[in-house]
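Take this structure, written in structure tokens, and hold onto it; I'll ask about it next.
Bear in mind these aren't lab numbers, they're just calculated from the coordinates by the rules spelled out. Being a predicted model, the structure only gives us computed values, none of them experimental. Ideal geometry is used to build each Cβ from the backbone, glycine not excepted, and the neighbour counts take in all protein chains shown.
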Amino acid sequence: MLTRLVIHDVVLIEKLALPLERGLNVFTGETGAGKSIVLDALGLALGERSDAALVRVGASQASVAAEFTLKEDHVLFALAQEQGLAAENPVILRRVIGKDGKSRAFFNDQPIGVGLLKQFGESLLEIHGQFETHGLLNAATHRGLLDAFAGLQNLRQKTTGAFAAWKEADSQFLAAQAASERAHAEEDFLRAAVNELEKLAPQAGEADTLASTRTQLQHREKILDAMTVAAAALDGERGAISSLSQAGKAVARVSDKAAGLPDLLAALDRAINESAEASEHLARFSATLDARPDALQNIEERLFALRAAARKHNTQTEELPQVLRDLSARLALLSDESGQAAKLSAQAAQARLAYIKLAEDLSTKRQAAAGKLEKKIALELPPLKLERARFMIEVTRLPEEQWTAEGADRVTFLAATNLGAAPGALQKIASGGELARFMLALKTVLAAADPVPVLVFDEVDTGIGGAVASAVGERLAQLALDVQILVVTHSPQVAARGTHHLRVAKRVEGKTTVTEVEVLNKAARREEIARMLAGAQITDAARQAADSLLGEEQVSVAKKGAKR
């Protein structure tokens, strides 16, 4: 509920703090007293459009704060959490407007955008009046309201889950199908590329080995000359091996004649062995030098082919074996992808059928509930002087491309206010006063189904009086048992039904006019209702009539309490 409204420097209001109560809060006052200013200020706090003209003359800025106490499961708390905002009771929505018309918005003193403020406000309060309409007049809310009236939340939740499962399965199928189509589109390329690389048969590290071999072949003559000289130095008649062997034999003959000679002999043996090993290494290395005249050309052609393939596939030569494996795997997957796409297609079709079954069940129940709701609202219209009006609910099957998580129907509330008139959208076929009363009838029936906890009716009694005004007051009081109501009224029959009465008045301070709001006690309330009955000159008869209206209200409240 809305517990407090604090207004600073808005038009004629300098400073105002309004306490509000559960039930029916009535605002009365003479025409032009400033009741609309209070509603404008409330709208600002809930995200309505700001205007520099709303800032009181002489003030630097205007501000409005609306304080709400909500149930723990109210949707606003989840919405605030999604936005990363700390949320707890009381919830305070605040708006500050500068003289330039620019505004700032706050949620529990945390700065937020005006768009989010408006979103918060729409979950908290609806205004129904002569010139502004929200909530029930928004066709986007009709389907949810009908479902809530019919108790279809569980079925609707299942339908939402089935829709999500269908769309996910469909998305997976489309992705697999696209992948398969891409693969088939490049099949010719894949087959040619794999065939080319298989013929090339690149090996890991092959390019480096070829490059090294090419360098050897490019310097083959110099290397062979060096190998020949080295071999002669080791194996020739006067080579190192022969000389070392002779030295070893000479030392061996006298090795027992002097200490230390055995060590010398061992060193010579090692030198002979090392030289022999070096000679063998020379022979093996020389044998690796390809003596074919076309060896260098063959290596260079191989290197060119490897590097050309690497450029073609935008990679390095050492990565060509992996490229071949990847392309071969993609080619092998062609048949697998087709099979996977077919499998996912079947799953998506099955998920679609599951959604359709639930959506059709939902549609059938909506059709039945629509008739029941039409009858209930039809009973509310005659007492509100709308006896010629008709209310209809149109449940229309949507084309598949417009199906949503909420089902396959469009639900629209329609009305006709005159005999023979074609039904149409409420805001297009009803006058201001008729529209407000239509909203009252709808809200009376849908109170339990509509989650908005605060309703504002601006002059719902326009153009009516007597029994009709009394019926309006009766329904406002009845509705106020379920939600908090704020009503601006000129009808004493409506005002008498209020559980909390506030009077709006203007007074002049020097050269300045100021709007004030006073919470009326029992005696002041009696005088205000008498004024509404009699006009400027309050008579005893008017006071007695006020007592009668207030007495009827007490009896009505007692009866309602007994029924509940």
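If you average 1/r over every pair of different alpha-carbon atoms in the range 105-264 and take one over that average, what Kirkwood value in Å do you get? Show your work: numbers first, answer last.
Details: mean 1/r = 0.0354 Å⁻¹.
Result for the range 105-264 stands at 28.3 Å.
Using the alpha carbons of the range 306-395, what is the convex hull volume per residue in cubic angstrom, as a whole number?
178
With +1 on each Lys and Arg Cβ and -1 on each Asp and Glu Cβ, how big is the dipole of the chain about its Cα centre, in debye rounded to the nearest 20? Write down the numbers at each step before the final one.
Details: 67 positive and 73 negative charges, 482 e Å.
Value, rounded to 20: 2320 debye.
Quick one: if you stick a label point 7 Å off each Cα along the C-beta vector at S243 and Q316, how many nm between them?
In this crude label model, S243 to Q316 measures out at 4.7 nm.
Sticking with this one: Given Cβ point charges of +1 (Lys, Arg) and -1 (Asp, Glu) and nothing else, what value in debye, to the nearest 20, does the dipole of the range 87-222 about its Cα centre take?
It comes to approximately 560 debye.
For L419 and L85, what is the calculated FRET efficiency with R₀ set at 56 Å and r taken between the beta-carbons, to the nearest 0.05?
0.60
I would also like to ask the following. Given labels modelled 7 Å from the Cα in the Cβ direction, how far is it in nm from A536 to E400?
My value for the distance between the label points is 7.3 nm.
Filter the cross-link list K199/K312; K102/K506; K15/K99 down to pairs whose alpha-carbon distance in this structure exceeds 26 Å.
On the way: K199/K312 15 Å; K102/K506 28 Å; K15/K99 17 Å.
In this structure, K102/K506 exceed 26 Å between Cα atoms.
Which one of A211, A59, V514 has its Cα pushed farthest toward the positive end of the charge dipole of the chain, where Lys and Arg give +1 and Asp and Glu give -1 at the Cβ?
V514
Can you tell me the alpha carbon radius of gyration of the range 28-109 divided by the globular rule-of-thumb value 2.2 N^0.38 Å?
With N residues counted in the range 28-109, Rg over 2.2 N^0.38 Å equals 1.26.
Starting from one equal scatterer on each C-alpha and no solvent at all, send me the Debye-based log10 I(q)/I(0) for the range 342-483 at q = 0.11, 0.22 Å⁻¹, two decimals.
Debye output, listed in q order: -0.52, -1.36.
Let me ask something else. Place a +1 charge on the Cβ of each Lys and Arg in the range 1-109 and a -1 charge on the Cβ of each Asp and Glu, then give the dipole magnitude about the Cα centre in debye, rounded to the nearest 20. Present the calculation step by step, with values, prior to reporting the outcome.
Numbers: 12 positive and 14 negative charges, 55 e Å.
With only Lys, Arg, Asp and Glu charged at Cβ, the dipole is about 260 debye.
Another question, if that's okay. Any idea what angle helix 240-253 forms with the longest principal axis of the chain, computed on alpha-carbon atoms, 0 to 90 degrees, nearest 10?
With both axes taken from Cα atoms, the answer is about 60 degrees.
Right, here's the next one. Under a crude label model (7 Å from the Cα following the beta-carbon direction), how far is D109 from A140 in nanometres?
3.3
What are the residues whose amide H is under 5 Å from the amide H of E14, where those residues sit 5 or more places off or on another chain and H is modelled from the backbone?
D9, T515
Among the lysines, which fall within straight-line cross-link reach of K249, defined as a Cα-Cα distance under 21 Å, with same-chain neighbours fewer than 8 residues apart omitted?
Straight-line reach from K249, under 21 Å: K257.
Rounded to the nearest 0.05, what FRET efficiency do A308 and V229 give with R0 = 30 Å and r taken as the Cβ-Cβ distance? Could you check?
For A308 and V229, the calculated efficiency is 0.15.
On to the next question. Taking the chain as the reference, fit the longest principal axis to its C-alpha atoms, fit the long axis of helix 114-124 to the helix C-alpha atoms, and give the angle between the two in degrees, 0 to 90, nearest 10.
50
A follow-up question, please. Of the beta bridges DSSP finds with both residues in the chain, what % are antiparallel, to the nearest 5?
DSSP beta bridges in the chain are roughly 75 percent antiparallel.
Bin width 10 Å, alpha-carbon pairs only: give the P(r) of the range 1-75 as whole percents, running from 0 to the bin holding the largest distance.
18, 48, 28, 7, 0
Compute the long axis of helix 261-288 from its Cα atoms, compare it with the longest principal axis of the Cα atoms of the chain, and write down the angle in degrees, 0 to 90, nearest 10.
70
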